[in-house]
Each structure stands twice: as structure tokens, then as C-alpha cells.
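Have a look at this one before I ask anything.
None of the figures in this text is laboratory data; all of them are computed from the coordinates on show. Everything numeric here is computed off the predicted structure, so don't read it as measured data. Backbone-built Cβ (ideal geometry, glycine too); neighbour counts: all protein chains shown.
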Amino acid sequence: MNRSFFEALRSIYPDDRLLTRDVELLPYESDALTAFQTKPGAVALPIDEEEIIDTVRLCHRMKVPFVARGSGTSLSGGSLPIADGLMIGLNRLNRIKKIDPEQRIAVVEPGVINLHITEAVRQYGLYYAPDPSSQSICTIGGNIAFNSGGAHCLKYGMTSNHVLGMKVVLADGVVTQFGSESIEGVGIGPDLVGLFVGSEGLFGIALEITLRLMPTPQLYRTVMAAYDNLGRAGDAVSMVVASGLLPGAMEIMDRLAIKAAEASVGAGYPLDAEALLIVELEGEALQVEAEFAELRGVIEESGAFEIREAKDEDERARIWQGRKSAFSAVGRLSPDYIVQDGVVPRSRLGEALVKIGELKAQYQLDVANVFHAGDGNLHPLILYNGREPGALEKAEALAGEILAMCVDLGGSITGEHGVGMEKREYLPTMFSPVEMEIMRDLRRAIDPEEIANRGKMFPSGEAPALQMRGMHPLERQGVISRE
Amino acid sequence: MRHQIKSDDLRAPEMAEAIEKCVHCGFCLAACPTYKLLGEEMDSPRGRIYLMKGVLEDRIEADEAQPFIDRCLGCMACVPACPSGVAYGDLLVSYRTLQEQSRQRPLMDGVARRLIIETLPYPRRFRLAMKSGKIGRMLQPFLPEAFASMLNMLPDKLPPPSPLPPILPAQGERRGKVALLSGCVQQALAPQINLAAARVLSANGVEVHIPAGQSCCGSILLHIGAESEARQIARRNFPLMPDDIDAIITTAAGCGSGMKDYELLFKGQTDLHKASDFSSKVKDFSAYLAGLGLREPRGFAAERAVAYQDACHLLHAQGLQSEPRSLLNQVPNLRLVDIPDAGICCGSAGTYNLDQPAIAEELGGQKAGAILAAGPDTVVSGNIGCITQIRKHLDLQGKNLPVMHIAELLWAAYQS
Amino acid sequence: MTGDVLDSVAELQAFVKGHRRIHVVGKRSKTALHQVEADVALADLSGMTGITEYQPQEYTLTVLAGTGLSEIQAALHEEGQYLPFDPLLPDHGSIGGAVACNLSGSRRHRYGGIRDFILGASVVDGLGRTFRVGGKVVKNAAGFDLSKFLVGSLGQYAIMTELTFKVFPDAPVFQGLRLQYESLDDALNAVFRCNRSTQELDLLDFAPWERGWSLMAGLAGFQDTLPQRAKQFVAMMREETALLDATEVEGDGSLRDPLAGLTGDFLVKVVISPRQIAGFDARVRDIGRRYSAGGNSAWLATDDIGALKKILEAEQLPGLVLRGSVDCPLIGKSPENLLAARVKQVLDPHNKLV
Ligand SMILES: Cc1cc2nc3c(=O)[nH]c(=O)nc-3n(C[C@H](O)[C@H](O)[C@H](O)COP(=O)(O)OP(=O)(O)OC[C@H]3O[C@@H](n4cnc5c(N)ncnc54)[C@H](O)[C@@H]3O)c2cc1C
Ligand code: SF4
Ligand code: SF4
């Protein structure tokens, strides 16, 4: 970054909102994937959209790369700065500009924290549905970049399904607006909202976002069933689906995961089970009660040797606490492990589990399985002992094979954390050369200088792909779970 | 986070452990008042940890990082918010102490600091200094802002010294025996608090000993990183406490959490066992009383709407949230009202008013607004700093509500 | 107007490469969209039909773009499932057409529109390249999501040959209700009341009716609870809105079909938000109309398209003409064209697809 760029920046920002000293830049050098660190050339802290627009235009004119940053909680290195590039911190644009409960919409700035929206609209019996585990701190701008989701996304979708309209500044400084306050969003003409959401910050910066709000469910009903083999639990999921019910959440854990979870929080899981299935219904009270009666029937027929229903909110919380601490508990079984996040078609879960079983034997490593049976999102936890020479490499190789398997089975290399820095080398395993070329061309058509979030998502020869090593400590605490 | 911290300091292992545990997830940001106010990574817990790491790894100069560390309220809101169990408080105290040893403060700042060290912990000196107004006059030209804020904090006139009785007998069936700490500034500024606390305890069947000759517990000095001074005066209290007591009661939140950290302060000292013995007995007034079970007071003739403002050092550092509220809820004719965002620091935070007046002002103003929104007729808290800060900011907003210590309100409930 | 019937992707690729300007037609249910100039070659996909992959268990369905909506719905129905976005014109249209025009019916109110249920697609672009966008699984966070972009794209960026959707189980029973209000204001207030309740409605449309307004609501669920839920709903509306009368509707045909009773040479879809309706409606009193999905879209039928065009321009609302002869089917506020143009540049740089 040269002097004239700094001078131009200074004409946009007062001194206290343009960070240039080492001591101020250092804390920005990583997001939640600390394996990567790069000190940015400078950090700008805009407080309104005009400043953002001016900044992006300046970057475009002077060909300086920039990275937008919300709260820096990306787990894939998405908000890792660019050396000699500008970091644009959006956390001060945190105003909820409008709430219209009767239209069930809210208009927000990009730095608004996900949970703050629900807190602001709760009084109207509404909530903002996408619920990543990081919702107490991650921003809507970051959610948009990764199309973030959470536990309850099968029924109502991820971030993309809840954005109706947005105003953005594209990487070349062009400001544009699409979508509307209508539930139809764009409605007429190509759905640009759908294109922008999930673009990992490569297209530009979202300036103002119109969100859809949902009515808070009247009732939740949760049941837990134990099986003497994994296949049976899988079959039970098929039976639930075949019965025509649409649960809000369906989760399976295998024996190792159950054992660990039980040891950690004492959720009351049956220890002799090979597999545990949790199914939750949500919605209008009368309907949910009726559906639950049906669900009970299905589960009773499914060959479970033990069935337990949550009788109140406390019991429901306990069941979920167990599920959410499953990873943590696995930490009790092994000093180190790798968490993987891949997707397979739900009907091929069985196949995937068999394959993981084979890999496990082949590599002589233990693998615990926790997965969202509802959407085929797998979380194999590969256990190893980091002090044994070569163990980590072996575990990483196994993790890589699991990702490859997900692609082979027609699934995906990431369910929700995005590609970022972490998985960029894997992107071509999912897309054909033509598809890769088209995505690259699209990026260049929007950002000819490739200044927006340069180096992310697309593979590059410079840095090797990196695995997240071991479970996230928050997972270990049972506070978060990867949905 | 991985780190490259050399372990040549006694404190390094603790600091390294806290840093290692931090995974840079940012969950703590949502809880931090300075992050909320300033919106910069350096003014967040995650950022401060990263900066301390940077200093310890010799990547940046300590002086450069210091302003951001100084802006930390020490309110500990980030501690319960952290799912990874990072002991931010230990890290901060260790770090401050380490830096203090090698730090060159700007001249006037150093003078003010000396002043704090020399006067605040000693009730008599503090009284004298304030009475003469000499210090204020002497330093005002150099430190207008910091002192304006300190002088603002003071009542117009200090109350007359009111010596506490050495022993208050238990009334009715004896249910316990405790010692009451009557340390530093609080005793000079508001002697009625400890008196009320002693009376409430006695009314609850507790025999209260108030050993003479007590000094400050050292917490306030620890807070600004004056470790050896803190140790020196802390020691003076050890031999004063009777042996057969159930608890050492404090009515000052910051002192309570500071004394709980004596193990860290006395690490490597020969009298470590005495310190930890002492520290294990320390209990906040409300925690002890709630544990004992309140004898129902008479209550109030007319309904009182009371707002309880959490002191950071009770809520975040000691996890006391339901205890004081349950005490208040047992008072007939007392209606508890909720302050929105009660867990956010009021900006008093020990000597923070003195060190960071601008942020303290802002937080104080916000807090007063939040309290008023709850619509109470009385405000209580468990800490003198918070009480003074809240009173000041309510006054600034033209609202003259009574603001008192929870012990005072309880005593009033027994009397009426 | 005839076109080449193309039965395979390879044929389509060759066709694209061999022509300068191309327009895609499916079942031609939306006549207004096919008014093209003489030099434009028509690529007829009505031969590309059939369900490629349907896994009820998976909640996913993959079909060729020319497949008729009624065929798809029949296949889903057999498994007790449905397309929750409730495609419009089921008897006549193809699925590709429904996606290209983004036409959802009234039941989209419950779970969302096409954009919420499309997972992926195979396409042939303006350069004759074939490739996939999106995925085939319900969850995927890798790569740019061009599949959503295709929704509403009117075939002008790439030609869809195959589409993958998320599907849901359908409720066993549906109960329609017709609620009478004296004025639009009352009907709108009733819609707002519904939006503030936790009652989950399958459909919520309103239209002029005799001398007042009629609110068409639908609940879906189980036989045993539906009557009680309907009763609760009506009771709430009676208590809290200016309800004149409520009747249960047998069968669901007219209630669920937003186009029922709309006559006129031109049929237009308008994207609108509930708060814009009062102002807009004052200007279209003489036109047959129905507001759908809680007042988030409007269907209008008129003989005077010129007048409607002016109104939409004045109100800054986007409209799409589906039936009737027009130069350009897009009227009123034009769609965004700054970002879309970049995509066009990549997928169809020679402007072949019109
Ligand atoms: C403990 C923990 C748990 C998590 N759990 C989940 C989970 O359950 N589900 C899930 O999906 N994710 C989860 N995540 C990942 C992360 O929280 C999400 O990806 C989140 O959306 C990131 O938000 P952020 O504000 O921190 O964004 P940042 O990390 O600051 O940025 C992320 C990306 O967004 C871009 N960006 C930011 N603002 C904008 C903008 N206005 N316009 C365009 N691009 C922008 C950045 O350039 C960057 O590429 C978790 C993370 C952690 C640390
Ligand atoms: S919450 Fe804990 S682990 Fe996360 S950044 Fe803050 S201190 Fe570090
Ligand atoms: S102690 Fe308080 S001010 Fe300091 S970092 Fe933690 S939350 Fe922020």
C-alpha cells in the first residue's frame, strides 16, 4: 500500500477510525481459524455506507485488495486479511433500521449481530430463523457471505432463504440494489439475492439487507430413541420421512459419541445403544401434538429398544445439551482428533457409514459419528494421539478421504462453513473444469482486479490446504455444535 | 492459540495457559462493554488477549499495547461469556503486574498513580487528604480530567468517622460467627454500609467481629498492577482474623473477588498458605446471607420498587446473580424491577473513573438511562464504586433516586 | 411459430452453437413471453421430459426441464409429497418455464417460493457449454449459487435442461376458508393480524368479492385437528378483525388457484409488498385482480395493458406479462441490470439468448 493510497484513505476517515499502527493491526490478523495469520496493511472502520462505497471505489481505482470483516468468526479463514491490503471492519454498522412486524420484515446494516435481530423482534412473537451456533456474535454480513445456517434449517432454509433484498457495492465500486420488501424478494428477473448470498465476500460488500422474520413456534416436541445398530436408526429416519412428517431436526449419534456425551453431561442417554436418534417437531400446538402422536407410532414400530420423550422444556434442553456436547465428550476418549464437515445425500448415509467404518479399520483409527440425519450433514470425529509420530498425518489423510467420499456420493465438501482458505484446494473436486472456469470468469466480470477477498475460495498454488485440527474448544464445551 | 511465549517469568505459565485456551472465536466480544462502546478489536477481550500475546512474544512493544490494556474495565464480563474457559482475570492481573515492574509511566500519570497507592488503601490518609483538599488543588493543573472525575465522585462532605464496635452479638439463636472487613475507601466514604451489614447479620443470628487496625485488602492496588504494595498491605490483615469464624465478610465486590485471587498474588511467597486460608474464607455479604437463609424482615409499609444493579465483581467474577435478588425478594412489600442489560458495567470499575474518565462517563450515562427505564424508586447494588457512579449519573440526568448498598436497604427493612 | 424440438443436451448445445439468436420455449403456456423477432430461432424443450431421479426419502427430485408440472405433481402425490412453492399453471406449464418465470401459486405462503426449493440445475449457456450449478443435496456451501440466479431469469442467461428441487411431505388434509370483509383496509388489517399470529397458514390471498373483499385462507394438517384449528383461527379473526362472515370452502380448486376468475387479454404478475397495496389498489379498481401470499404478489387481468404499464411505472412496481401480445414481457420497474449484466457477460457474451 503506497502513500497516496493512505492519503486518500485519510480523506475518508478521521484518524481514530483508520488503524495503521502495528499494535492496532495485530489483533486483526486472524479470524476464528487461527492457523492462518496475515497482518493487514490498514484497517478502516466505516460508520456509514457512503464511507464503504468511497473506500471500495478507492481500492478499485488504486488496485488495492480488501477484505470485509464482520466479527471475524469465520471457521474457514474467510475474513483472513490480505498482506498489504485493506481490512474494512463493518461491526460499527450495527443499526437495525426498520422492523415491520406486520409485514414480518426487518431492514438491517451488515454489522448487526444475528441474535440481536431476534432479541429486537421477540416482543412481536417473531424471530430470525437462521441460527448458527455463533449467533450471539456473528454478523449478518458474515452470514450472507457464507450462507450460514444452524440446527433448524431443514424446514425453513439457510440465510439465503431469509434475505429478501439488499443494497451492495460491487468490488469495482458500482452500487446496486435488488430484491424488495415482498416475500417474493427479487421476484421478477434473475434472483440476484440468491447469487450474492454465499459468494464469500468475493463480489463486494452488502450495505443494507432486508430480512424475512418468522413467527415463533407455539410448541416443540422432542423424542429420543435407542437402537442396537446404526442401520436401524437410519431406517427409522426413513420411516419418519415415509410417514409424511416434516421434523424440524433429526439427529443421530453412534455408540462412541453417546458414551462420550453421557460421560460429559449425563443427559440420560442409554449407554448400551449402538445408535441414538433424536427427532424434534415444531409448530402450531394442535398440529404438533397430532404429529407427535403419529411420530410416536412410527418410532415404536422402528425397532427401538428404548424410547424417551421430553416432557418439558428442561428435559428437552437436557437432550440437546447431550447432543451438543457430544464432540466435547469425545475429547475424553482421545487426546486429539479432527472434526470433519461434509454432506452426503441422506439416503446414502448408510453407505457413507460403512465406508467410514472401512477407512477406520484400514487406518486403524477410531471414528465417532454425529450427524444431522435430516440433511445428510456428517461430522465424523477422527480420534488420534498427537504424541505418536505420524498419527496426525494419518488422521489428516483419513479426513481427506472422507471429504473425497462425500463428493463421490454426490454430496458436498462443506455444509455451511464455506470454502474460505481452509478448503479452497478441494473446490475442484466438486466442480468440473468448465464449472471452475465459469465461477472464475464470473468473479472477474464483477471484480476484474480480483481485489475483493483475494486468495479465498479458489485454489491457489501458494498455500497448502489446511485441516482444522481437533475439535473446536467451544464444541468441547458443548456450547456449539457444527450443524 | 499456539504461542511462542518464553517461560522465564513466574507468571508466564498462567498467562501462556490462558492464551493457549483462547481459540479466537469472538464469543466474548458480545459481553465486553469497551468493545460495544469503541467497536475495535484492540478494545475487546479477544483483541487484548492477542495483544498481550504479542507483547509476551516480543512482536510488539508493551508501551504500544498498554493504552488498550488500560482501557479494560476489569469487569470480567468476558469470563463467563467464554466457552473455552479462558481465565482472563488471571491473565490480566499477571500481565499488569509484569508490565508494572518494567513500566515507565508518563510523569504526571505516575504521580497520580503514586497518589492512589499512597492514599486510597488507607482510610485515615484518604480522609485527611480529601479533607484538606490539598491533593486535588496540588494536582488539578496537571490532571484536570482524571481529577475532575475523582472529585466528582466524592460527596460534598465526607461523613464523620464512625468507629465500628469490635463485636456485635448474635440476636436470637446463634447461627454463625464471622469477621467483617472494614478496609479502605469505603469506610471513609460510607461508614454506614459496614454498620448496616453488621446489624443485618446480627439480626440474623450471626456474631460479627470487626477486628480493629484493619487495612485495605490490596485489591485496588492489584487492579492497577502494584503487586508488591498490594501484598504488603494485604498481609497486615491475616493475623487480625479470629480463627474460629465461618467466614470473612466483605461488603465491597471488588475486594471480594480480589481476595479470592490471593493465591495468584502470593504465588511463590512463604506465606502463601496463610493467604489461601484467608482467601478461602472470604464471602460477599449477600452470598453469605443467602446461604444462611434470611430471617424475614418486617418489610416496608408502602411498596418500594427496587432495581438491583449487578456489580461486575459480584456477577461476573463471583457468579452472584440470584443470591442478592433472592434476599430482596424475601422483603415484604418490595418489588424487584429488572434493569435492561443489568450485566453491563456502569463504568466505575475500581480506579477506572480515575484512569479512563471519558469511557467511564459514557458507560455511567448509559447505565443511568437503563436504570430509569426500569422505573424504580430505589436503586441498590453491592459495591460502593457502583453506588457512587450510579448516583452521580442519575444526578446528572436530574433524577434524585436513593442509591444504596443492599445491606443498607435490608437494614431499613428490619427497622421499619 | 414453430421451433426445433430438441431431445437431448447434445442437440441443444449444437443448436446454440449453430444459431445467432435463440429463444427457449417449453410448453408455451405463457404466450406473452414468446413474442420474438423473426430472426430468432426457437429451441423447443418440450421433448426433454421425464423425472431423472426422485428419492422421496431424500426430499429431492431431479427432472428434465421440459417436464410438465402436472406429471411432476402426480409423481410426488403418489408419495405424499409436493412442491411447496406450488407452481402455477400446473395443467399447461413445464417446470423449466415455472423456474424461468418464477411463478409460484398461493400455497407458497407456507414454506416459500421457487428460490427456496431449487437446489441445482444443469444448463447450456450462450456459448453452448453444458455444466451444473448448485448441488443435488439439501445442504451445500461450496461455490457460487447460480441455481437461485436462474429463478426468474427468463431463459436469458442459460438454458436449463435439468433441475433439482427440495420437496416436502404434503399434509393429508387441506381446509379452505373464505372470510368476508367490507373494505380493502379491513382485509389488509386482517392480513397483518395473521402475520402477527403464530398460526401457520398454508395460503393467504385476498381479492375483491361482490361488494367487499374476500380473504382466502387455508390450513393444512391432520383430519382430527384441522376443524379445531380452523375454528381457533376463525375465532381469532372474528374477535380481532372486522370480519363480516366466514365460510368453509369445500374442495380447494378456486381457493387455491390465484388465477381463478381472472379474465382479460393480458395476465400480469406483480411483485408487491403488503404495505404498497392500499396505494396501488386505488389505481387498479377496474381491473380483475387478486393479491397472493399474504399480499406479496398480485395477479392482474386486463384488456388495457398500456394503462397498467403506466400505473406500474408510477408505483415503481415490477410486472411480468404472462399472457397477451406485448413487445417486452417485463413492464413497470425494470429488474436490476448492473450485477445481472456481469453474469450475462460470462454466460452469454454474444447475447444469443433472448
Ligand atoms: C464457535 C463458532 C461456531 C460456529 N457455528 C456455526 C454454525 O453453526 N453455522 C454456521 O454456518 N457457521 C458457524 N460458524 C462460522 C461463522 O460464525 C459464520 O461463518 C459467520 O457467518 C461469520 O460471521 P462474521 O460476522 O464473524 O464474519 P467474518 O468472519 O468477519 O467474515 C466472514 C466472511 O464474510 C465476509 N463479509 C463480512 N461482512 C460482509 C459484508 N457486509 N458483505 C460481504 N461480505 C462480508 C468476509 O469478507 C468474510 O469472507 C461458527 C464459528 C464459530 C467461531
Ligand atoms: S470467548 Fe474465550 S476463547 Fe473465544 S475469543 Fe474470547 S477469550 Fe478467546
Ligand atoms: S474485563 Fe470487561 S472490559 Fe475487560 S476485556 Fe473483559 S469484558 Fe472487556
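Using 1/(1 + (r/R0)^6) with R0 = 41 angstrom and r between the beta carbons of residue C:327 and residue A:219, what's the FRET efficiency to the nearest 0.05? Numbers along the way, then the final one.
Numbers: r = 53 Å, r/R0 = 1.29.
It comes to 0.20.
I would also like to ask the following. Considering every residue in A:142-148, what mean count of other chain Cβ atoms within 10 Å of its Cβ is obtained? Display every interim value, and only then the final one.
Numbers: counts 0, 0, 0, 0, 1, 4, 1.
Per residue, the average neighbour count from other chains is 1.
Once each part is reduced to its C-alpha centroid, what is the distance from region C:153-205 to region B:265-335 in angstrom?
Answer, in whole Å: 55.
Within the P(r) computed for region A:238-306, what percentage of the Cα pairs occupies the region above 20 Å?
Values: 867 of 2346 pairs.
Every Cα pair in region A:238-306 considered, those over 20 Å come to 37 percent.
Got a sec? How would A:116, A:417, B:316 order by Cβ neighbour count within 10 Å, fewest to most?
Numbers: A:116 19, A:417 22, B:316 26.
Listed from fewest to most nearby Cβ atoms, that is A:116, A:417, B:316.
Also: Students often check this: by mean Cβ neighbours within 10 Å, which of B:56-69, C:261-274, A:44-57 ranks highest, and how do the rest follow? Present the calculation step by step, with values, prior to reporting the outcome.
Details: B:56-69: 17.1, C:261-274: 21.5, A:44-57: 19.8.
Peptide ranking by packing, descending: C:261-274, A:44-57, B:56-69.
Between the DSSP loop rule and a limit of at most 13 other Cβ atoms within 10 Å, which trypsin sites (Lys or Arg not before Pro) in region A:227-322 are left? Spell out each step's value before the answer.
Working: sites: A:232, A:255, A:259, A:296, A:308, A:311, A:316, A:318; in loops: A:311.
Taking region A:227-322 and a limit of 13 other Cβ atoms within 10 Å, the loop trypsin sites (Lys or Arg not before Pro) found are A:311.
Can you tell me the Rg and the Dmax, both Å, for the Cα atoms in region B:167-291?
14.1, 45
Now for a different question. In whole Å, what is the distance between the alpha-carbon centres of region A:429-449 and region C:224-247?
Rounded to whole Å, the Cα centres lie 53 Å apart.
Calculate the FRET efficiency for residue C:52 and residue C:286 from the Cβ-Cβ distance with a Förster distance of 41 Å, rounded to the nearest 0.05. Don't skip to the end; give the middle numbers.
On the way: r = 46 Å, r/R0 = 1.13.
Given R0 = 41 Å and the Cβ-Cβ separation, E is 0.30.
Quick one: Karplus J couplings for region C:160-177, per residue in order, coefficients 6.51, -1.76, 1.60, θ = phi - 60°, nearest Hz, x for Gly and Pro?
Couplings: 7, 10, 8, 9, 10, 10, 8, 10, 10, x, 8, 6, x, 10, 10, 10, x, 9 Hz.
Where does each of C:160-170, C:47-57 land if you order them by average Cβ count within 10 Å, highest first? If you can, show how the numbers build up before the last one.
Numbers: C:160-170: 23.2, C:47-57: 16.5.
In decreasing order of mean packing, C:160-170, C:47-57 become C:160-170, C:47-57.
Next up: Taking a ≥ b ≥ c as the square roots of the eigenvalues of the Cα gyration tensor of region B:12-100, is the shape rounded (a/c under 1.5), prolate (a/b larger than b/c) or oblate?
Values: a/c = 1.59, a/b = 1.18, b/c = 1.34.
Verdict is oblate for region B:12-100.
List the residues, sorted by chain then number, that are 5 or more residues from residue C:119 or on another chain and whose placed amide H is less than 5 Å from its amide H.
Under 5 Å from the amide H of residue C:119: C:164, C:165, C:166.
Still on this structure: Using the Karplus curve 6.51 cos²θ - 1.76 cosθ + 1.60 with θ = phi - 60°, work out ³J(HN,Hα) for each residue of region B:76-86 in order, rounded to whole Hz, and write x for Gly and Pro.
Per-residue couplings from phi come out as 6, 4, 6, 6, x, 6, 8, x, 8, x, 6 Hz.
Now, a different point. Need one value for C:46-57: mean number of C-beta atoms belonging to other chains within 10 Å of its residues' C-beta atoms.
Values: counts 0, 0, 0, 0, 0, 0, 0, 2, 0, 5, 5, 9.
For peptide C:46-57, the averaged partner shielding equals 2.
Per residue, how much space in cubic angstrom lies within the convex hull of the C-alpha atoms of the protein assembly as shown?
Working: hull volume 238.7 nm³, N = 1253.
Normalising the Cα hull of the protein assembly as shown by residue number yields 190 Å³.
For the pair residue A:289/residue B:171, report the inter-label distance in nm, with labels modelled 7 Å from Cα in the Cβ direction.
5.3
Could you give each residue of region C:138-150 its phi-based ³J(HN,Hα) in whole Hz, using Karplus coefficients 6.51, -1.76, 1.60 with θ = phi - 60°, and x for Gly or Pro?
Each residue of region C:138-150 in turn: 6, 9, 6, 10, 9, x, 6, 8, 6, 5, 5, 4, 5 Hz.
For the pair residue C:338/residue A:397, report the inter-label distance in nm, with labels modelled 7 Å from Cα in the Cβ direction.
Label-label distance for residue C:338 and residue A:397, simple model: 5.2 nm.
Show log10 I(q)/I(0) for chain A at q = 0.06, 0.07, 0.11, 0.13 Å⁻¹, two decimals, from a solvent-free Debye sum over equal Cα scatterers.
Per q value, in the given order, log10 I(q)/I(0) is -0.28, -0.38, -0.94, -1.26.
Can you list residues from other chains, or at least 5 along the same chain, whose modelled amide H is less than 5 Å from the amide H of residue A:366?
A:383
Hey, how many Å between the Cα centroid of region A:356-421 and the Cα centroid of region A:16-77?
33
Rounded to the nearest whole Å³, what is the per residue volume of the convex hull around the Cα atoms of region A:96-215? Let's see the in-between values first.
Details: hull volume 11.2 nm³, N = 120.
Normalising the Cα hull of region A:96-215 by residue number yields 93 Å³.
In this model, which of A:97/B:367; B:53/B:274; A:456/C:148; A:63/C:344 are farther than 28 Å apart at the alpha-carbon? Provide the component values of the computation, followed by the final result.
Working: A:97/B:367 23 Å; B:53/B:274 32 Å; A:456/C:148 22 Å; A:63/C:344 24 Å.
The answer is B:53/B:274.
Okay, moving on. State the answer as a single residue: which of B:238, B:213, B:228 lies farthest towards the positive end of the charge dipole of region B:207-268, with beta carbon charges of +1 for Lys and Arg and -1 for Asp and Glu, about the Cα centre.
Value computed over the given set: B:228.
Based on the Kirkwood radius over alpha-carbon pairs, what value in µm²/s does the Stokes-Einstein equation return for the translational diffusion coefficient of region B:241-354 at 25 °C and 0.890 mPa s? Walk me through the numbers before you get to the answer.
Numbers: Rh = 16.0 Å.
The Stokes-Einstein estimate is 153 µm²/s.
Order these peptides, C:147-153, A:444-450, by their mean beta-carbon neighbour count within 10 angstrom, highest first.
Details: C:147-153: 28.6, A:444-450: 17.7.
Result, highest mean Cβ count within 10 Å first: C:147-153, A:444-450.
Here's another thing I want to ask about it. Scan around residue C:330 for amide H atoms under 5 Å from its own, H built in the peptide plane at 1.01 Å from N, and keep only partners 5 or more places away or cross-chain.
C:321
Let me ask you something else. Counting only the backbone N, which residues of region B:168-193 are under 19 Å from the spot 7 Å out from the Cα of residue B:281 toward its beta-carbon?
B:168-170, B:175-184
Set the Förster distance to 25 Å, then compute FRET efficiency between residue C:265 and residue C:210 from the Cβ-Cβ distance, nearest 0.05.
Numbers: r = 24 Å, r/R0 = 0.98.
So, using R0 = 25 Å, E works out to roughly 0.55.
Could you give the nm distance between label points at residue B:341 and residue B:326, where each point is 7 Å from its Cα heading toward the beta carbon?
Going by the 7 Å Cα→Cβ label model, 2.9 nm.
While we're looking at this one, here's another question. What does the structure give for B:47-55 when I average, per residue, the other chain Cβ atoms found within 10 Å of the residue Cβ? List each step's numbers first, then the result.
On the way: counts 5, 1, 1, 6, 4, 0, 2, 5, 2.
Mean inter-chain Cβ contacts per residue within 10 Å come to 3.
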